[in-house]
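Comments concern the structure below.
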Amino acid sequence: MAKITIDGRDLEFEEQLTILEAAKKLQIKIPTLCYNEHLDPYGGCRICLVEAATQAAPERSRLVPACTAPAADGMIVVTNSERVLASRRFIIELFLSRCPESEQIRKLAAEMGVDPNGQNLDVVGQYLLKRAPKREATNCILCGLCVRVCQQIPERYALSLKERGIHRRVTPPFEKVAESCIGCGSCAYVCPTKTITIEEA
Amino acid sequence: MKLKPEDLNKIRERMKSTSRLREAEGKAKINVHLGTCGIASGAREILHTFLELVEASGADDVLVTTSGCAGLCKREPMATIEIAGQAPVKYVDLTPEKAKKVFEEHIKGGTVVKEYALAVGSERLG
Amino acid sequence: MGNYRFNLLVCAGTGCVSNNAFKVKTVLEKEIEKHKLQDEIQVITTGCNGFCANGPIVVVKPDDIFYQLLTEEDIPGLVEEHFLKGRPVQRLMYTPAKDEAPIPKMSDIPFFGKQQLIALANRGLIDPENIDEYIALGGYQALAKALTEMTPEQVIEEIQAAGLRGRGGAGFPTGKKWEFCRNAPVTGDSSVPGGNGDSPPAAEKYIICNADEGDPGAFMDRSIVESDPHALLEGMLIGAYAIGASHGFIYIRAEYPLALERLTQGLEQAREYGLLGEGILGTDFSFDISVSKGAGAFVCGEETSLIGSLEGKLPEPRVRPPYPAQSGYMGKPTNINNVETWANVPHIINRGADWFSSIGTDTSKGTKVFSLVGKVNNTGLVEVPMGITMREIVFDIGGGIPDGKKFKAVQTGGPSGGCIPESLLDTPVDYESLVQAGSIMGSGGMIVMDEGNCMVEVARYFVSFTQEESCGKCSPCREGTWHMLNILENITQGKGQEGDIELLEKMGKYIKETALCGLGNTAPNPVLTTIRYFRDEYEAHIREKRCPAGVCKSLITYSIDPENCTGCTVCAKNCPVACISGERKQTHVIDQEKCIKCGMCYSVCNFDAVRVR
């Protein structure tokens with residue numbers, strides 16, 4: 001039997017678990033965006049970062065993504081320290097800066113105590129929400145769920161990620177209507193910001 | 001042919017007579033450094049100059065070879081000249097004209113061209 | 001030289017070594033121990049004396065007796081006669097010519113004299129397009145030794161004992177990495193289809209050489225592959241034997257066509273000799289290598305992105321664990337090492353872990369190759385023992401700053417690294433010390449900067465690089481570097497605001513903590529170290545709208561000094577926007593409204609009359 005401690009509460013486990021799954025068993029909520037329990041974890045959005053340390057070196061904790069980090073025997077996890085909360089605020093501020101109109105992001109931000117209108121934020125939050133240059137409006141947070149679901153569930157590979165860095169975007173191959181798309185709607189179903197919609201043909 | 005371990009030593013012995021002047025019957029060896037730095041600054045032209053000079057002189061005891069970058073990329077094109085019985089000499093900042101002078105005075109005449117030479121000897125291994 | 005009765009200086013120049021100087025040294029040390037003289041006599045290796053025609057050479061100090069043309073057979077008699085009985089051996093002695101050589105020796109020139117070659121041992125000596133020349137200098141002997149005299153476990157032990165750490169930048173202990181992969185359980189289906197390019201055969205374990213070398217200004221790996229491709233191949237063969245891999249990949253960036261050509265030739269020649277393929281050197285070890293070209297993505301230098309690219313997928317980093325040693329290429333245990341790491345392996349097997357670990361510092365063994373570039377006199381490739389100071393590299397080996405300019409900083413570690421200022425020039429170059437100074441070793445790029453470099457612009461340049469190369473998977477790197485770049489661009493254009501320095505510091509720290517892979521984790525480093533050591537330059541840009549180094553175009557003005565101007569009209573004639581006016585022999589004037597800061601007038605003026613402020 002292995003044991004992991006999250007926010008001071010112990011969980012004994014035998015099977016292979018991620019920190020996120022272990023937290024769920026303890027009913028400890030960790031926010032997620034690019035995670036879906038039916039798909040392989042991606043570790044891309046970084047909103048689920050938590051502090052993890054080993055028994056041997058409890059002061060040397062690192063930030064790890066809960067959705068992918070395996071729970072290990074003797075691990076000590078904290079999900080609500082100032083370090084974790086500060087990193088969460090940073091990530092949601094980045095998303096707010098990118099997608100200021102997204103209802104879901106604004107709601108998640110408010111739940112975290114980050115005012116979507118930019119009041120009472122630190123110097124980084126102030127910059128991201130007030131001074132940062134505006135870009136083309138989008139609600140896509142590049143969580144990759146649509147691409148991943150199309151690969152894993154219907155296995156149609158009708159969506160992909162094109163270009164890298166700030167120019168990255170979701171498109172069907174060669175920006176044309178994907179021949180392999182079967183209209184199952186999985187992509188729209190999993191999209192956390194409802195950026196993808198289904199229309200009648 | 002597929003080598004066995006003992007074949008490695010046989011190749012070493014065979015190469016001594018061509019690449020190492022002490023055992024060879026050659027008199028001189030010209031080694032032009034052809035790394036990207038050398039090639040970019042004109043080392044291929046230096047190589048051709050030496051090849052032409054050797055052919056024109058009719059000498060059959062002068063080896064012309066190439067190797068990679070010698071490390072001091074700033075001073076390319078470089079060539080290392082070795083006369084049998086003496087330490088190798090590194091020439092730097094070569095041009096076809098300087099190469100001609102080196103050939104005449106050092107290879108044929110046996111006197112190092114001081115103003116074009118950087119140093120004698122080899123590098124240190126760890 | 002210590003309290004030794006004698007010091008024996010064994011020449012370790014490449015000429016002497018190819019005539020067995022190291023073997024002579026080993027016998028010398030054994031004989032000295034045999035006669036219990038090791039407390040009285042010290043044996044050390046030195047650089048080339050220039051007596052290459054007479055090597056191997058041993059110089060006995062303080063007597064200044066030179067012994068020449070030594071063979072292993074000469075040594076027992078020499079030790080007995082000279083050091084036990086006190087009778088120097090005439091027939092082995094050599095009298096060097098009295099007059100000083102007119103040209104300095106290689107070992108007298110600091111650029112060469114302070115270097116110690118291991119990975120670059122064959123540089124400038126062999127034709128890389130001829131495998132026989134590599135063999136002539138002892139090539140593939142280490143492979144033969146490993147295959148016929150050592151077990152795979154013994155090979156791994158030797159690499160561990162040597163203390164070799166990854167030379168690609170992370171510095172992870174190589175022997176440990178090999179052990180993880182060797183011990184990893186073989187997973188699943190062996191009939192996995194091949195990946196990108198020529199379908200390689202399915203294997204249970206793989207090894208990979210990371211030859212992507214993406215850091216701007218770094219060309220160590222290129223040089224090894226161009227000048228000595230077999231050093232890499234031999235290292236990989238030994239590693240594959242140790243780990244139990246039957247197939248390997250070399251992932252080389254497409255921007256290295258000459259290196260790729262020489263590598264391809266080397267592979268063909270190795271295959272002809274049966275050094276790759278089935279039953280190597282008459283043993284039952286089989287191994288071959290496929291070459292895969294990069295396609296212009298810096299992120300592929302990150303190992304999991306590299307594996308993704310090899311598999312034909314998008315290059316983006318994967319979550320770790322599982323690490324490639326457990327699950328890498330096609331889900332199989334995979335060991336990835338950098339070119340320079342592989343190139344060190346044959347030497348460790350040939351000469352032993354004790355020798356390798358005697359070079360360097362306690363935690364950083366061996367040597368490191370650096371590409372020394374920028375504002376320094378001797379630009380080139382240098383291989384130095386770990387622990388040498390930055391000052392020695394820049395001023396002794398590098399020959400100092402050209403044109404009488406003043407040293408400002410040396411940037412190490414590429415876009416993941418930082419700047420070492422003058423106050424820290426005595427920092428020893430090893431993994432830990434560089435991290436303490438706020439930088440990293442990185443892959444070995446070393447860019448020297450002088451007073452004419454603007455440190456804010458340096459930060460902006462590196463962030464623009466990482467921003468361009470970010471894969472885009474995680475938001476801290478994708479969005480964060482873009483924001484940092486915008487802030488830096490504003491500062492260099494005179495639009496910086498009070499508080500921007502604190503903003504950059506905080507944002508940089510957040511990005512470092514939250515990014516997914518090394519590219520994002522280290523992208524803020526150039527910003528953070530330049531702020532740490534050159535805050536005053538940032539402040540000048542922000543508060544005074546001034547660039548002290550005279551680099552940022554929006555913040556500098558070109559003007560003509562009436563004291564020096566002779567009215568020769570050369571500047572006016574060359575100005576591309578015709579913004580300089582003046583009569584012949586009268587002081588000329590630049591129209592600031594029209595000036596585009598191209599610097600043409602500055603470069604054509606023969607009277608030093610153009611001022612840049």
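The values are calculated or read from the model by the stated rules, or taken from the named source; none is laboratory data. Bear in mind the structure is a predicted one, so any value in this text is a computation, not a measurement. So basically every Cβ, Gly included, is an ideal-geometry build from the backbone, and we count neighbours across all protein chains shown.
Can you name the number of the only condition in (1) more than 28 Å from C:Asn122 (Cα to Cα); (2) touching a residue at least 24 places away in the same chain (Cβ under 8 Å) that C:Gly442 fails?
It is condition (1) that C:Gly442 fails.
Is it the case that some residue within the range C:419-431 is more than 14 Å from chain A (Cβ to nearest Cβ), in contact with a Ser or Thr (Cβ under 9 Å, 6 or more places away or on another chain) and aromatic (Phe, Trp, Tyr)?
yes
Quick check: is even one residue across the range C:373-390 more than 14 Å from chain B (Cβ to nearest Cβ) and under 15 Å from the mean Cα position of the chain (by Cα)?
Yes, some residue in the range C:373-390 is more than 14 Å from chain B (Cβ to nearest Cβ) and under 15 Å from the mean Cα position of the chain (by Cα).
Based on what the data block shows, is A:Gly74 without any contact (Cβ under 8 Å) to a residue 24 or more places away in the chain, at positive phi and not aromatic (Phe, Trp, Tyr)?
no
Between residues in the range C:270-290 that are on the phi > 0 side of the Ramachandran plot and residues that are basic (Lys, Arg) and surrounded by fewer than 18 Cβ atoms within 10 Å (Cβ to Cβ), which pairs lie under 7 Å by C-beta distance while being six or more apart or on different chains?
C:Gly274/B:Lys2; C:Gly277/C:Arg271; C:Leu281/B:Lys4; C:Gly282/B:Lys4
In this structure, is C:Cys16 within 10 Å of another protein chain (Cβ to nearest Cβ) and part of a loop (DSSP other than H, G, I, E, B)?
no
Does the range C:222-258 hold any residues that are in a strand (DSSP E or B) and closer than 19 Å to C:Asp284 by Cβ, and which are they?
Those that are in a strand (DSSP E or B) and closer than 19 Å to C:Asp284 by Cβ: C:His247, C:Gly248.
Are there any pairs with C-beta distances below 7 angstrom linking a residue in the range B:68-80 that is touching a residue at least 12 places away in the same chain (Cβ under 8 Å) to a residue that is in a helix (DSSP H, G or I) and acidic (Asp, Glu), with the two at least 6 apart or on different chains, and if so which?
Pairs found: B:Gly68/C:Glu226; B:Cys69/C:Glu226.
For the range A:138-163, what are the residues that are crowded, with 19+ Cβ neighbours inside 10 Å, in contact with a Ser or Thr (Cβ under 9 Å, 6 or more places away or on another chain) and on the phi > 0 side of the Ramachandran plot?
Hit for the range A:138-163 is A:Leu142, nothing else.
Would a scan of the range C:40-47 turn up a residue that is away from every other protein chain (no Cβ under 13 Å), assigned to a loop (DSSP other than H, G, I, E, B), touching a Phe, Trp or Tyr at 6+ places or on another chain (Cβ under 8 Å) and charged (D, E, K, R)?
Yes, because at least one residue in the range C:40-47 is away from every other protein chain (no Cβ under 13 Å), assigned to a loop (DSSP other than H, G, I, E, B), touching a Phe, Trp or Tyr at 6+ places or on another chain (Cβ under 8 Å) and charged (D, E, K, R).
Could you list, in sequence order, the residues of the range C:445-498 that are part of a loop (DSSP other than H, G, I, E, B) and within 12 Å of chain A (Cβ to nearest Cβ)?
C:Ser470, C:Cys471, C:Gly472, C:Lys473, C:Cys474, C:Lys495, C:Gly496, C:Gln497, C:Glu498
Would you check which residues across the range B:86-126 are under 30 Å from C:His347 (Cβ atoms) and assigned to a loop (DSSP other than H, G, I, E, B) and list them?
Result: B:Gln86, B:Ala87, B:Pro88, B:Val92, B:Gly121, B:Ser122, B:Glu123, B:Gly126.
So, in the range C:50-64, of the ones that are at pLDDT below 90 and more than 7 Å from chain B (Cβ to nearest Cβ), which residue ends up surrounded by the most Cβ atoms within 10 Å (Cβ to Cβ)?
C:Gly55
From C:Cys595, C:Cys552, grab the single residue that is touching a helix residue (DSSP H, G or I) at 6+ places or on another chain (Cβ under 7 Å) and within 25 Å of C:Cys454 (Cβ to Cβ).
Result of the check over C:Cys595, C:Cys552: C:Cys552.
Checking the condition farther than 28 Å from A:Gly43 by Cβ and more than 23 Å from the chain's Cα centre (by Cα), which residue from C:Gly452, C:Gly480, C:Gly444 passes?
On inspection, the qualifying residue turns out to be C:Gly452.
Just for the range A:15-70: of the residues that are of a type in the set (S, T, N, Q) and within 12 Å of chain C (Cβ to nearest Cβ), which one is nearest to the chain's Cα centre (by Cα)?
A:Thr68
Can you tell me which residues in the range C:145-155 are more than 7 Å from every other protein chain (Cβ to nearest Cβ) and either surrounded by fewer than 20 Cβ atoms within 10 Å (Cβ to Cβ) or of a type in the set (Gly, Ala, Ser) (or both)?
C:Lys145, C:Ala146, C:Glu149, C:Met150, C:Thr151, C:Pro152, C:Glu153, C:Gln154
One line per residue, one yes/no per condition, for (1) surrounded by fewer than 21 Cβ atoms within 10 Å (Cβ to Cβ); (2) more than 25 Å from C:Glu213 (Cα to Cα); (3) out of contact with any His (no Cβ under 6 Å at 6 or more places or on another chain); (4) more than 13 Å from every other protein chain (Cβ to nearest Cβ):
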position: C:Ala254; (1), (2), (3), (4): yes, no, yes, yes
position: C:Gly266; (1), (2), (3), (4): no, no, no, no
position: C:Ala270; (1), (2), (3), (4): no, no, yes, no
position: C:Ile289; (1), (2), (3), (4): no, no, yes, yes
position: C:Lys293; (1), (2), (3), (4): yes, no, yes, yes
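Would you be able to say whether some residue in the range B:48-69 is within 13 Å of chain C (Cβ to nearest Cβ) and more than 30 Å from C:Lys114 (Cβ to Cβ)?
yes
Which one is farthest from B:Gln86 (Cα to Cα) among residues in the range C:106-120 that are assigned to a loop (DSSP other than H, G, I, E, B) and modelled with pLDDT of 90 or more?
Restricting to residues being assigned to a loop (DSSP other than H, G, I, E, B) and modelled with pLDDT of 90 or more, the top hit is C:Ala119.
With the condition kept exactly as written, say whether any residue in the range C:95-105 is within 25 Å of B:Gln86 (Cα to Cα), outside any loop (DSSP other than H, G, I, E, B) and within 14 Å of chain B (Cβ to nearest Cβ).
yes
Which of the residues that make up the range A:81-121 are part of a loop (DSSP other than H, G, I, E, B), within 23 Å of C:Lys509 (Cβ to Cβ) and in contact (Cβ under 8 Å) with a residue 12 or more places away in the chain?
Correct list: A:Ser81, A:Met112, A:Gly113, A:Val114, A:Gly118, A:Leu121.
How many residues, within the range C:121-144, are in a loop (DSSP other than H, G, I, E, B) and within 7 Å of chain B (Cβ to nearest Cβ)?
8
Taking the condition of being crowded, with 18+ Cβ neighbours inside 10 Å, at pLDDT 90 or above and charged (D, E, K, R), how many residues in the range B:13-54 meet it?
Matching residues across the range B:13-54 total 1.
Name the residues in the range A:140-181 that are in contact with a strand residue (DSSP E or B) (Cβ under 7 Å, 6 or more places away or on another chain) and small (Gly, Ala, Ser), would you?
Within the range A:140-181, A:Gly144, A:Ser160 qualify.
Scan the range C:289-309 residue by residue and report those that are touching a Phe, Trp or Tyr at 6+ places or on another chain (Cβ under 6 Å) and not small (Gly, Ala, Ser).
Of everything in the range C:289-309, those that are touching a Phe, Trp or Tyr at 6+ places or on another chain (Cβ under 6 Å) and not small (Gly, Ala, Ser) turn out to be C:Leu306, C:Ile307.
Those residues that are part of a loop (DSSP other than H, G, I, E, B) and acidic (Asp, Glu), I need them from the range A:17-55; list them, please.
Matches in the range A:17-55: A:Glu37, A:Asp40.
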